[in-house]
Structures are given as C-alpha cells and as structure tokens.
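I have a structure here, written as structure tokens, and I will follow up with some questions on it.
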Amino acid sequence: MSPLAKLRGAMARARRAMPDIVGPVGRRWERLSQWQRRPFYVLALAIAVLAPANSVGRIMAPASDWKTILFNPIGVYILLALGLNVVVGLAGLLDLGYVAFFAVGAYTMATLATHRHWSFWLVLPIGIILAAFAGVILGAPTLRLRGDYLAIVTLGFGEIVRRIAINTNSLGGPRGISGIPHPPSIGHVKALTYGVLDPKPYYYLLLAMIVLVIFVGRRLERSRVGRSWQAVREDEDVAELMGVPSFKFKLWAFAIGASIGGMCGVIFASKQIAITPDNFPFLLSVLILAAVVLGGSGNIPGVILGAFLVAWLPEYLRDASFGKFVVRQVHHVLPRAGSFSDLRVLIFGGALVVMMIFRPEGLLPSRKRRAELAEGQGGMGSLGGTVVVPPPEESK
C-alpha cells in the first residue's frame, strides 16, 4: 500500500474516532420549526447588540481594542462572507475575486463623497447598484465557464480592479483617496453619532446591514430563485434538462453577491476616512472564501460562525501571555523562528488545515451539503472538490 493510501486511511480512522459534537446539535436544530427557532434568533441578536461591552472585550481580545475589531475585521468579514455565500454556497460558483466588489463599493463612497460631496445615505444605494452592475459585467461573458476556468477568470477580475485603482489618477493612484466624510449622525443618540474615535456606531450600522442581508437571504433561499441555485449547484446539466435557465440564475447570484460586497465597501470607506488599493488584496478574497467553507457553505449560521473565527482568532492570539508560551514551545523545535506576531498566522493556518481534514463539511453544514459530502462530492457543485474515503481494506 502506498504512503498516500496509508495517510488517507489514517485520516479516515481519525475522523471516525473523533466524537461528533456539532453534528447532533445541527440535526436537532433542523428538526425545530420556524417558531421554535425564533427565541434563538432573538438571543443571538441580543448578544450581538451587547458585544461591544468592555467586559466582553477583556475576554475576547485582551491585547487589542475590542470595539475596533468588532467592526473590522469581524463585522466586515461576516457581511462579506454572507455575500460570497450566495455565490459559492447557494449557486456553487467559485469566485476568487470577490474583493473587487468590496473595492467598487469603497471607491464609490470615496469618490462621490469627496468630489461630489454626496451624503453617505445617498451613496449607499449607488454603491450597491454599481457593485451589482460590476457583478453582471463579470458574469455575463464568463459564467458559461465552469470550475477551475471560472475561478481563474474571477481571480483576474479582482486583480484588474485593483490595478485600475492604482493607475487611475482620479481614484488617487497608489496613495488612494483621503478625507472621506463620515455618515451623518442620527439625532443626539450616542450610539448613532459617527465620528473618528468611537467605532461602536459603525459596528451597529454594520450589524443592521447584516440582519437585513440575513433576512433577504433566507427569503431568497426558500424561493424559486434559491431552489434554482441549489439545482445548478448539485448538477447544472440536469437542472438545464429540467428547464432551469442556469445562466440567468448564475448571473443573479453574481449580481446579488456583488451588491452585498459593495454595501460593505461603502460602510468600510466611511469608517476608514482614507482608502488605498492595498486595502483590497487578493488574500482578503481567500480569507472570505475560507470563512464560508470553514463554517459550512450554504448555511447562514455556519457562514457567520466561520467568518467570526477567521477574523477573531488571529486577534485573540495577540495575547502576550499566550504568545510567550507558544514562542517558547516553538523555539524548542525551530530555534530561528520569529516572534509570536509572525507565528500566530502560522498557528491560525495550521488550525484551518486540521479543521478541513477532520471536518471537511464545515462546522455547521447544511443538511444538503452533508448529503453531498456523503455521496463523495465537495458540496459546491462544479468546483471539482471531492472527498476521497478509502475502502475498508485500505484503512486496515
């Protein structure tokens, strides 16, 4: 038996030996009716509203400014992951250039607010529309491609948008755009007074948009559009034979996902005051995709959990006491290893690898995704991902 077969057998045995804690919880959740789930939704919203409290910050991010982290990266990652989940989790399309739509929204806010002096609330719908239009421009000539070819094209689109921003003087070039105004304050409520120092109002604005996206996303998922997306994800050829116009619905997925990214970009730019092309690297697209897959693509609670972990864990690992302990242990093995600020990214990446080995379906997968994985597919349609489980004779 080859070493690769032995490794696969060992991984399969380890997966079977690990207790499945999340699975039973997910199955009980799926058996609950909509009315039985609502108290949990209210509890989750209450926790999100109370999250900026200082007592929570001392536990969740003892070495960082917790309120700032709640807005960026946690809130931004969650909203972007919900948008990418429409494309990847529901429609089964691999998009490696999702950061481009985030950049379109941010530069829309920066350009119109600084050059035209438009208000945030006027720029927000325009940014959403322009990002959706960018999604249509990308999708119209490319969505007839599948799998790896579509991924390469979307990757190129993300880099094209960033390069246009770098080489366009009206967009500030490499220096970007500064002096972006904040959203106008609403009344005399402190939580709705937008300024420079307090990130809490921006977090609540982002939280309101997340709730809106979840509400619309759940309705779309149960509609004819959502069922068409799932049919295309599972088998596009069969969906076409059954009368589903796959190209039209894939274009809808790109446009809706892009509009959510544009919305997030507008809010992000209004908080940052200044943006540059370096705010929109390819790595951000990869991290958001990792959040969707880690949490459980196609399942909104799972996507939120995955985005939260991807954004929060690197910040939590900044804790000095924990960092010193890890550095001491690593230096026993790798004497020339760097400081903990360098090693924390390595630890975070290793945790993601271990997670994908032992729970490839994600932390909170949807029932359909779990069934697709049981049948040997990666659960995202034409992405080409397969889960190889060795036969019993190889694992012995």
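7 Å from Cα along Cα→Cβ at both Ile137 and Lys248: what's the point-to-point distance in nm?
If labels sit at Ile137 and Lys248, their model points lie 2.5 nm apart.
Rg and Dmax of segment 95-200 over Cα atoms: what are they, in angstrom?
Calculated on Cα positions, Rg and Dmax stand at 16.6, 52 Å.
Based on the Cβ-Cβ distance of Leu197 and Ser55, what FRET efficiency does E = 1/(1 + (r/R0)^6) give at R0 = 22 Å, to the nearest 0.05?
On the way: r = 20 Å, r/R0 = 0.92.
Result of the calculation: an efficiency of 0.60.
Keeping all protein chains in the complex and leaving out DNA, RNA and ligands, what accessible area do you get for Phe282 with a 1.4 Å probe, in Å² to the nearest 10?
80 Å²
Want the number for Trp121 to Leu346: 0.36 nm per residue separation, take away the alpha-carbon distance, what's left? Mind showing how you got there, number by number?
Details: separation 225, 0.36 × 225 = 81.00 nm, distance 4.04 nm.
Additional length available on full extension: 77.0 nm.
Sort Ile267, Ile164 by heavy-atom solvent-accessible area, probe 1.4 angstrom, most to least.
On the way: Ile267 0, Ile164 90 Å².
I get Ile164, Ile267, largest accessible area first.
Could you tell me the accessible area of His182 in Å² (1.4 Å probe, neighbours in place), rounded to the nearest ten?
The accessible area of His182 comes to roughly 50 Å².
Continuing with this model, one more query. Once ligands and nucleic acids are excluded and a 1.4 Å probe is used, how much of Val225 is accessible, expressed in Å² to the nearest 10?
For Val225, the solvent-accessible surface is approximately 40 Å².
So how many Lys-Lys pairs in segment 39-379 land under 20 Å Cα to Cα, not counting same-chain pairs under 8 apart? The partial results should precede the final answer.
Values: Lys67/Lys190; Lys67/Lys200; Lys67/Lys271; Lys190/Lys200; Lys190/Lys271; Lys200/Lys271; Lys250/Lys368.
For segment 39-379, the number of qualifying lysine pairs is 7.
Could you order the peptides 209-215, 294-300 from most to least packed, using the average number of other C-beta atoms within 10 Å per residue?
Values: 209-215: 16.6, 294-300: 26.7.
Ranking, from highest mean packing down: 294-300, 209-215.
Determine the gain in length on full extension of the stretch Trp35-Arg163; use 0.36 nm per residue of separation and subtract their C-alpha separation, reporting nm with one decimal.
41.2 nm
Also, quick follow-up: Going from most exposed to least, what order do Lys250, Lys67 have by accessible area with a 1.4 Å probe?
Working: Lys250 5, Lys67 50 Å².
Highest to lowest solvent-accessible surface, that is Lys67, Lys250.
Still on this structure, I have one more. If I take R0 = 25 Å and measure r between the Cβ atoms of Arg144 and Ser223 in this structure, what FRET efficiency does the formula 1/(1 + (r/R0)^6) give, to the nearest 0.05? Show your work: numbers first, answer last.
Numbers: r = 24 Å, r/R0 = 0.97.
Taking R0 as 25 Å, the efficiency between Arg144 and Ser223 is 0.55.
The values are calculated or read from the model by the stated rules, or taken from the named source; none is laboratory data. Model, not experiment: these values are computed from the prediction. Backbone-built Cβ (ideal geometry, glycine too); neighbour counts: all protein chains shown. Calculation scope for accessible area: heavy atoms of the full protein, side chains included, ligands and nucleic acids excluded. Shrake-Rupley method; radii C 1.70, N 1.55, O 1.52, S 1.80 Å.
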